[in-house]
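These notes are about the structure you will find just below.
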């Protein structure tokens, strides 16, 4: 019986090591899709464009550029990522099994809403509020696929409330600051190796706090520069690790894990070249190197004798800092219609050595277009579309105690459709 318990415990830890815990770092996967107006420009120039109330998220200082009064904007984004695994030489009786499924498409539709509000307090002061989802991930593969030990489902969601203020120092300089209250929820599952263990599922959540700062310089009447900083946020995730198999009651426990999502700095410009054309661009740096190692700790003892305080697993991610470069242009056809265009290059923090099917991310190029239509003096509709050309993402994942490895590549892409309505009053 003791030998059986040791084998069962070893399988459970192996499954967690290969899939569940590595994917927890996927909570740091940023959702770049925020405003509907930004989609058509591939989100270039966000800290300086100041098109509508969404600037409360991108750069609070730029709220001073908006007209006096109140502005509100609501957006809905439909995201369709695609992650299709291609086996190129997986080994071992599980990963390399003849006729085993490659998991289908790990991506699916996701719908992300955002809302923004700004108002002037007096000629110098502005107030803003952003309600959005800065981080998230959704992948799900077919039950029984050859990589089920490395992951089945990953669903990570965030909800952020970000009030901010802006102060107009002079006719050319504005500053801004805000705080973020952010909730993160994670549901992650993977096959744990046997009928006795079944599927291992982790549910955990926490609320974290951060801050953001902004600067806007109106260099000329037609040109402005924006600089914004968003702090890292630390989460002390708490939840449960449960097993669906016949021995699940002996293996389950409460767990905790510390996760810190990275800070970022973005520099942007916006210029009106003439009455018809506008040009914008940005450079964004994100400190993904904060995601180096994740420790998952049991907070209650298991039925197999693993004590509270013991480590379920500890893994190194070795993620890197990233850069994002974007350029965009707008063409004003008339007083009602404006056409948007955008191009961006977005680096991935992942690498070939530690990448898993839960986050098969790679470098990507954004190509975007959109249209703004003024439906009334106070109301504006925005439609945007972006396609992400994503490089193939290779994986070579082994599970301790399981012979062989999952070896292959993911054929990835993503499409984004956005609609937004803005109103001034």
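The values are calculated or read from the model by the stated rules, or taken from the named source; none is laboratory data. Predicted, not measured: the structure shown is a model, and the values here were computed from it. Every residue, glycine as well, gets a Cβ built from its backbone with ideal geometry; the counts of neighbours run over all protein chains shown.
Among the listed residues 350, 322, identify the single one that is without any contact (Cβ under 8 Å) to a residue 40 or more places away in the chain, surrounded by 17 or more Cβ atoms within 10 Å (Cβ to Cβ) and on the phi < 0 side of the Ramachandran plot. Full working, then the answer.
Details: 350 fails: without any contact (Cβ under 8 Å) to a residue 40 or more places away in the chain.
Selected residue: 322, the only one of 350, 322 that is without any contact (Cβ under 8 Å) to a residue 40 or more places away in the chain, surrounded by 17 or more Cβ atoms within 10 Å (Cβ to Cβ) and on the phi < 0 side of the Ramachandran plot.
For residue 334, all conditions in the list (1) assigned to a loop (DSSP other than H, G, I, E, B); (2) under 20 Å from residue 85 (Cα atoms); (3) without any contact (Cβ under 8 Å) to a residue 60 or more places away in the chain hold save one; what is the number of the exception?
(2)
Which residue, of 161, 156, is assigned to a strand (DSSP E or B) and more than 30 Å from residue 143 (Cα to Cα)? Write out each step before concluding.
Working: 156 fails: more than 30 Å from residue 143 (Cα to Cα).
The unique qualifying residue is 161.
Give me the residue from region 62-81 that is within 20 Å of residue 370 (Cβ to Cβ) and surrounded by fewer than 18 Cβ atoms within 10 Å (Cβ to Cβ) and, out of that set, farthest from the chain's Cα centre (by Cα).
72
Does at least one position in region 283-301 carry a residue that is part of a loop (DSSP other than H, G, I, E, B), at pLDDT 90 or above and in contact with a helix residue (DSSP H, G or I) (Cβ under 9 Å, 6 or more places away or on another chain)?
No.
Take the residues in region 390-418 that are touching a helix residue (DSSP H, G or I) at 6+ places or on another chain (Cβ under 7 Å) and surrounded by fewer than 16 Cβ atoms within 10 Å (Cβ to Cβ), then tell me which one is farthest from residue 119 (Cα to Cα). If you could, list the steps in order and put the result at the bottom.
Start the filter on region 390-418 by keeping residues that are touching a helix residue (DSSP H, G or I) at 6+ places or on another chain (Cβ under 7 Å), which leaves 397, 399-402, 416, 418.
So of that shortlist, the ones also surrounded by fewer than 16 Cβ atoms within 10 Å (Cβ to Cβ) come out as 400-401.
Working: 400: 56, 401: 59 Å.
It comes out as 401.
Going by the structure shown, is residue 358 under 30 Å from residue 41 (Cβ atoms) and surrounded by 14 or more Cβ atoms within 10 Å (Cβ to Cβ)?
Working: under 30 Å from residue 41 (Cβ atoms): no; surrounded by 14 or more Cβ atoms within 10 Å (Cβ to Cβ): yes.
Taking the combined requirement at face value, the residue does not satisfy it.
With the checklist (1) touching a helix residue (DSSP H, G or I) at 6+ places or on another chain (Cβ under 9 Å); (2) under 19 Å from residue 391 (Cβ atoms); (3) at pLDDT 95 or above in hand, flag the one item residue 328 doesn't pass.
(2)
Please work out which one of (1) surrounded by fewer than 19 Cβ atoms within 10 Å (Cβ to Cβ); (2) modelled with pLDDT under 95; (3) closer than 22 Å to residue 138 by Cα is the condition residue 387 fails and give its number.
With respect to (1) surrounded by fewer than 19 Cβ atoms within 10 Å (Cβ to Cβ); (2) modelled with pLDDT under 95; (3) closer than 22 Å to residue 138 by Cα, residue 387 is out only on (2).
The conditions are (1) modelled with pLDDT under 95; (2) closer than 22 Å to residue 233 by Cβ; (3) in contact with a helix residue (DSSP H, G or I) (Cβ under 9 Å, 6 or more places away or on another chain); (4) in a helix (DSSP H, G or I), and residue 56 fails exactly one of them. Which is it?
Status for residue 56: all satisfied but (1).
So which strands (runs of 3 or more DSSP E) stay within region 86-145 end to end and still have 3 or more residues that are at pLDDT 95 or above and under 30 Å from residue 73 (Cα atoms)? Step through it out loud before you land on a result.
Working: elements: 110-120, 125-132, 136-140.
Once the strands (runs of 3 or more DSSP E) in region 86-145 are filtered for at least 3 residues that are at pLDDT 95 or above and under 30 Å from residue 73 (Cα atoms), what remains is 110-120, 125-132.
Could you say which residue among 144, 128 is farther than 27 Å from residue 232 by Cβ and in contact with a strand residue (DSSP E or B) (Cβ under 9 Å, 6 or more places away or on another chain)? Please lay out each step first, then the result.
Numbers: 128 fails: farther than 27 Å from residue 232 by Cβ.
Just a single option satisfies the conditions, and that option is 144.
Of the conditions (1) at pLDDT 95 or above; (2) crowded, with 20+ Cβ neighbours inside 10 Å; (3) within 24 Å of residue 325 (Cα to Cα), residue 422 fails just one. Which one is it?
(3)
Condition check ((1) in contact (Cβ under 8 Å) with a residue 60 or more places away in the chain; (2) within 30 Å of residue 45 (Cβ to Cβ); (3) assigned to a strand (DSSP E or B); (4) over 26 Å from the mean Cα position of the chain (by Cα)) across all residues:
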position	(1), (2), (3), (4)
212	yes, yes, yes, no
217	no, yes, yes, yes
224	yes, yes, yes, yes
229	no, yes, yes, no
237	yes, no, yes, no
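Which of the residues that make up region 330-347 are under 13 Å from residue 368 (Cβ atoms) and surrounded by 19 or more Cβ atoms within 10 Å (Cβ to Cβ)? Even if it seems obvious, please write down each step before you answer.
Keep residues of region 330-347 that are under 13 Å from residue 368 (Cβ atoms), which gives 330, 339-346.
Listed by number, the residues that qualify are 330, 340, 342, 344, 346.
Output the residues belonging to region 256-280 that are at pLDDT 95 or above and surrounded by 22 or more Cβ atoms within 10 Å (Cβ to Cβ).
Passing the criteria: 266, 268, 270, 278, 280.
If I ask for residues that are under 26 Å from residue 205 (Cβ atoms) and either assigned to a strand (DSSP E or B) or in contact with a helix residue (DSSP H, G or I) (Cβ under 9 Å, 6 or more places away or on another chain) (or both), which ones from region 239-256 would you list?
239, 240, 241, 242, 243, 245, 250, 251, 253, 254, 255, 256
Looking at region 195-212 only, could you name the residues that are within 23 Å of residue 259 (Cβ to Cβ) and surrounded by fewer than 20 Cβ atoms within 10 Å (Cβ to Cβ)? Give the derivation first.
Looking only at region 195-212, we keep the residues that are within 23 Å of residue 259 (Cβ to Cβ), and these are 199-212.
Result: 199, 203, 205, 207, 209, 210, 211.
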